[in-house]
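Taking it in order: structure first as structure tokens, then the write-up.
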Amino acid sequence: MAGLITMDDLTNEQIIDILGDAERLLPVARGEIYLPLLQGRILGNLFFEPSTRTRMSFETAMKRLGGDVINLGDVKTSSVVKGETLYDTIQMVDGYTDIIAMRHPRQGAAQYAQDAAQVPILNGGDGAGHHPTQTMLDLFTIKQAHGHLDGLRVVLAGDLRYGRTVHSLSHALVRFGCDLIFASPDLLKMPEEIVSDLRSHGANVTETEDLYGSMAEADVVYMTRIQKERFADEDEYARCAGAYKLHARHLSEVKQDMIVMHPLPRVDEIDPSVDKTRHARYFEQAFNGVVARMALLCRLLGVPIPAKIEGGAL
Amino acid sequence: MSNEHSMRRVTAIRNGTVIDHIPSGQAMRVLEMLGIGASTAVPVSLVMNVPSKKMGSKDIIKVEDRELNQSELDRLALVAPDAHVAIIRAYSVAEKLTINLGQEVVNVVRCTFSNCITTNLREPQPHRLKVVQRDPLQLRCHYCGRPQNLSELANNVL
């Protein structure tokens, strides 16, 4: 069975369909309704590098749907440290589980695992490559706020060079005709090959270093963390990071329905003063990881989600 | 200048391989890709930038006492997919070999991206590069999706 390795594995129609499934699963994700659609199914969580939200939300998603989860555990104490190949690890887990969620430091690991496995693989991040389940929860959050994805104006800000989240999301947004504004310090600009690839797909892309000046007409401002270790000296870091720190006072001129998103964890790039504004969506976004992953687990396991969800409360 | 004249810039070989119609300036890369260099014991002749009716100009390589095998043809496909390869025996063309650059190059070279999963050579699945475009050649790794750095491919021959 095919997994989800990159967003190219899904058509726009499938994306919208899965987001609709996720919407219907909201009461299940909140624990208001018990819907054991995945009872008897086992998810293998293979996180070869640290993850908090992705791993926990996969686990929550599976358990809310009545399924079970087995974890690889700490890589340092697993057979990986003894030199086991990814191929062998996958062969083993393939036999234990019905579906695998995986994060790996090497790019291409998810496709490699899919080629080795019988069960579907959900790519939870492969090096600087893809992170499609994050993209699905981001799209869900945007659709939830604006009612649609088409033609929105989206500012992506911060570290656009190394962030796989913004790479996957940019490609997906362009498929829905969104205008993209990339606001980042020169050192952390979106890679040129990605910008030209997006433009070759007809995207309207603007690049700027001025975050605050680019927010006026935005429907979404997607912040990312600027990491100190990317900079040669501390002064340069302080200067750059300071220009990409969002405070409630920066939001006075923005559109009423503009939303601020962040894949988390945040450090200094969103001041806590933003949390209480109508624009803050990052904690809902993190919660949406559960519904988006519930919908994807069902889809890849071939389990249909009822058109109308009713069930007994827990 | 005739094609025949171009071929005569170096003497005919008795036994071996002639690689003709190499894109002009690519002969050194062909040698690199085939692993033919200073340590090669057999005589190797090389002419570069000779006039060609078909190509404008071209390079030619003659390797004596060595017949290219399939794996070498597969490597050749990555630098000169339209080259002509003839096996020479007793001064005559005994065989014309076909270079076949298909949709995918399997187990010929490994991905040039340093953080690709396939850089762990103990991983047993095949090295797969997809041919995205033939002219000019563009390859992408099946696994990591990265465009390949063609100038590094010769270092990554399997």
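Only the coordinates and a few stated rules stand behind these numbers; no lab work does. These numbers come from a predicted model, not from an experiment. Here Cβ is always computed from backbone atoms with ideal geometry, including for glycine, and neighbour counts include all displayed protein chains.
If each DSSP helix of 4+ residues adds -39,500 (n - 2.57) and the sum is divided by the residues in the protein assembly as shown, what number results at 222 nm, nearest 500 deg cm²/dmol?
Working: 13 runs with 132 residues, N = 472.
For the protein assembly as shown, the value works out to -8500 deg cm²/dmol.
From the square roots a ≥ b ≥ c of the eigenvalues of the alpha-carbon gyration tensor of region A:133-284, which class results: rounded (a/c under 1.5), prolate (a/b over b/c), or oblate? Walk me through the numbers before you get to the answer.
On the way: a/c = 1.60, a/b = 1.10, b/c = 1.45.
Oblate is the answer for region A:133-284, as a/c is 1.5 or above yet b/c matches or exceeds a/b.
Taking a spot 7 Å from the Cα of A:Ile16 along the direction of its beta carbon, which residues of region A:137-174 have an amide N less than 17 Å from it?
A:139-152, A:172-174
Spit out the partnerless Cys residues in the protein assembly as shown, using Cβ distances under 4.7 Å as the pairing rule.
If one checks each Cβ against the other cysteines of the protein assembly as shown, A:Cys178, A:Cys240, A:Cys298 turn up with nothing under 4.7 Å.
Of all GluC sites (Glu not before Pro) in region A:220-314, which ones are in loop regions per DSSP and have a Cβ with at most 16 other Cβ atoms within 10 Å? Write down the numbers at each step before the final one.
Working: sites: A:Glu229, A:Glu234, A:Glu236, A:Glu253, A:Glu269, A:Glu284, A:Glu310; in loops: A:Glu253, A:Glu269, A:Glu310.
When the GluC sites (Glu not before Pro) of region A:220-314 are filtered for loop state and at most 16 Cβ neighbours within 10 Å, A:Glu253, A:Glu310 remain.
What does the structure give for B:143-149 when I average, per residue, the other chain Cβ atoms found within 10 Å of the residue Cβ?
Values: counts 13, 12, 9, 6, 2, 0, 0.
Taking the mean over all residues of the peptide, I get 6.
Taking R0 as 60 Å, what's the FRET efficiency between B:Gln133 and A:Glu310 from their Cβ-Cβ distance, rounded to 0.05? If you can, show how the numbers build up before the last one.
Details: r = 53 Å, r/R0 = 0.88.
After rounding, the FRET efficiency stands at 0.70.
Which of the peptides B:92-104, A:291-303, A:126-138 is most tightly packed, and how do the rest follow, judged by the mean count of other Cβ atoms within 10 Å per residue? Intermediate results must be reported in sequence, preceding the final value.
Details: B:92-104: 11.8, A:291-303: 22.5, A:126-138: 26.1.
Per-residue Cβ counts within 10 Å, averaged per peptide and sorted highest first, yield A:126-138, A:291-303, B:92-104.
Can you count the Lys pairs in chain B whose Cα atoms are under 26 Å apart, with each pair 8 or more apart or on different chains? Each step should come with its number before you reach the end.
Values: B:Lys53/B:Lys62; B:Lys53/B:Lys96; B:Lys54/B:Lys62; B:Lys54/B:Lys96; B:Lys58/B:Lys96; B:Lys62/B:Lys96.
Total qualifying Lys-Lys pairs in chain B comes to 6.
So what's the gap between the Cα centers of region B:123-154 and region A:253-307, to the nearest angstrom?
36 Å
Using only the Cα atoms of the protein assembly as shown, each taken as one equal point scatterer with no solvent, compute I(q) by the Debye sum, divide by I(0), and report log10 of the ratio at q = 0.08, 0.10, 0.14 Å⁻¹.
-0.60, -0.84, -1.26
How many Cβ atoms of partner chains, on average, are near each residue of A:126-135 if near means within 10 Å of its Cβ? Can you show the working numbers first?
Details: counts 6, 6, 4, 8, 2, 0, 0, 0, 0, 0.
Neighbouring Cβ atoms belonging to other protein chains average 3 per residue here.
Quick one: 3J(HN,Hα) in Hz for region A:180-193, Karplus 6.51/-1.76/1.60 with θ = phi - 60°, rounded, Gly and Pro as x.
10, 10, 9, 10, 7, x, 3, 5, 10, 4, 4, x, 4, 5
Less than 30 Å apart at the alpha-carbon level, and either on another chain or at least 8 residues along: which lysines does that give for A:Lys255?
List returned: A:Lys143, A:Lys189, A:Lys245, A:Lys276.
Apply the a/c threshold of 1.5 to the C-alpha gyration tensor of chain B and tell me whether it is rounded, prolate or oblate. Please report the intermediate quantities before stating the final value.
Working: a/c = 2.33, a/b = 1.80, b/c = 1.29.
The shape class here is prolate.
What average number of partner chain Cβ atoms lie no more than 10 Å from the Cβ of the residues making up B:109-120?
On the way: counts 0, 0, 2, 0, 6, 1, 9, 8, 16, 5, 3, 7.
Mean partner-chain Cβ count within 10 Å for B:109-120: 5.
Would you mind telling me the antiparallel percentage of the DSSP bridges in the protein assembly as shown, rounded to 5? Before the final figure, lay out the partial values.
Values: 32 of 65 bridges.
Beta bridges within the protein assembly as shown, antiparallel portion: roughly 50 percent.
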